[in-house]
Amino acid sequence: MENESYFKKIGVYLSTSYALRCYLGYIQEEHMFKKKQVINVSDQYFSTLLFVSTGTLRLYAVKNEEEATILFWQKDQFIPPMHTLGQYTQKEIYIEFLEETTLISYSEKHTTNLYKLFPEFHELISKLYQQQVTELIMHAQSLAHLNASSRFNALMKSKPALFNLCELKIIANYLGIHPKVLSRLRAEAVKK
């Protein structure tokens with residue numbers, strides 16, 4: 001298992017005790033997912049803290065058979081627990097694995113101990129939720145205030161690999177633009 005990246009990324013958010021590092025190291029489990037595999041966020045995998053060891057994921061909602069892409073996660077990112085998300089949105093919420101992916105997690109039975117024994121774990125989860133909310137706010141602001149070209153350029157700069165991993169219609173949906181507009185923007189970017 002890739003403990004070094006996992007603990008290095010936790011260190012970005014807070015300084016952890018040696019005991020928490022040992023406990024997390026002991027309870028870690030690896031889960032492999034295939035490209036194009038889709039799982040509902042109400043699934044057991046999403047009830048605990050996850051770490052994307054390898055791969056890329058897409059979070060999306062479905063209502064009346066229409067999809068809306070919400071977020072993307074890539075290698076070395078944490079996914080906070082989200083198994084109750086669908087209850088609040090009144091939509092079906094899914095995660096699609098855009099490439100073969102390895103997630104590091106732990107069994108839900110350890111959650112109570114993590115909160116009870118390690119006060120810094122609560123702080124870590126809180127910071128991860130704040131980061132996700134910030135990313136959603138920034139995306140909403142870009143949809144409201146930036147033109148299509150600026151949104152495209154920002155995504156190309158922050159997550160260029162997405163353009164090789166998923167269909168253009170998915171990226172267009174995420175950017176709030178028509179797929180033909182996205183194709184034109186990509187063609188212009190290639191010419192530069």
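The values are calculated or read from the model by the stated rules, or taken from the named source; none is laboratory data. Predicted model, so just to flag it, every value in this text is computed and none were measured. Here the Cβ positions follow ideal geometry from the backbone for every residue, glycine too, while neighbour counts run over all protein chains shown. To get the accessible areas, we keep the full protein, side chains included, count just its heavy atoms, and leave off ligands, DNA and RNA. Shrake-Rupley method; radii C 1.70, N 1.55, O 1.52, S 1.80 Å.
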key: Peptides ranked, highest mean first, by Cβ atoms within 10 Å: ranges 131-138, 88-95, 51-58   = 51-58, 88-95, 131-138
query = Which peptide among 98-109, 113-124 comes first, and what is the full order, when sorted by highest mean count of other Cβ atoms within 10 Å?
reply = 98-109, 113-124
note = Note, the range 101-111: 3J(HN,Hα) by Karplus (6.51, -1.76, 1.60, θ = phi - 60°), whole Hz, Gly/Pro = x, goes 9, 10, 10, 9, 9, 8, 5, 4, 4, 8, 4
query = With axes computed from alpha carbons, what is the tilt in degrees of helix 179-191 against the longest principal axis of the chain, rounded to the nearest 10 within 0 to 90?
reply = 90 degrees
query = On the accessible surface of the range 53-192, probed at 1.4 Å, how many percent belong to carbon and sulfur atoms?
reply = 53 percent
ask   = So how strong a dipole does the range 1-65 carry about its Cα centre when Lys and Arg Cβ are +1 and Asp and Glu Cβ are -1, to the nearest 20 debye?
value = 240 debye
note = Net charge (Lys, Arg +1; Asp, Glu -1) of residues whose beta-carbon lies under 12 Å from that of Arg21, Arg21 excluded, is -1
query = Using alpha carbon coordinates only, what is the Rg to Rh ratio of the chain, with Rh defined as the Kirkwood radius?
reply = 0.99
Ranked by how many other beta carbons lie within 10 Å on average, peptides 63-71, 158-166 from highest = 158-166, 63-71
request  = Give me the net charge of Glu108's neighbourhood, meaning all other residues with Cβ under 13 Å from the Cβ of Glu108; Lys, Arg count +1, Asp, Glu -1.
outcome  = -1
task = Treat each spin label as a single point 7 Å out from the Cα along the C-beta direction, and report the Ile27 to Lys191 distance in nm.
result = 5.5 nm
task = May I ask which residue of His110, Tyr60, Gly11 lies farthest towards the positive end of the charge dipole of the chain, with charges of +1 (Lys, Arg) and -1 (Asp, Glu) on Cβ and the Cα centre as origin?
result = Tyr60
Spatial separation of Cα centroids for the range 1-50 and the range 87-125, in angstrom = 8 Å
ask   = Dipole size in debye (nearest 20) for the chain around its Cα centre, Lys and Arg Cβ +1, Asp and Glu Cβ -1?
value = 740 debye
Coordinate range along principal axes, alpha carbons of the range 138-192, Å, largest first = 27, 22, 21
request  = Decide, for the range 120-161, between rounded, prolate and oblate: order the square roots of the alpha carbon gyration tensor eigenvalues as a ≥ b ≥ c, take rounded if a/c falls under 1.5, and otherwise choose prolate if a/b is larger than b/c, else oblate.
outcome  = oblate
Cα→Cβ-extended label distance, 7 Å offset, between Lys116 and Leu14, nm = 1.9 nm
task = Please calculate how many Å² of accessible area the chain carries per residue, with a 1.4 Å probe and no DNA, RNA or ligand atoms counted.
result = 56 Å²
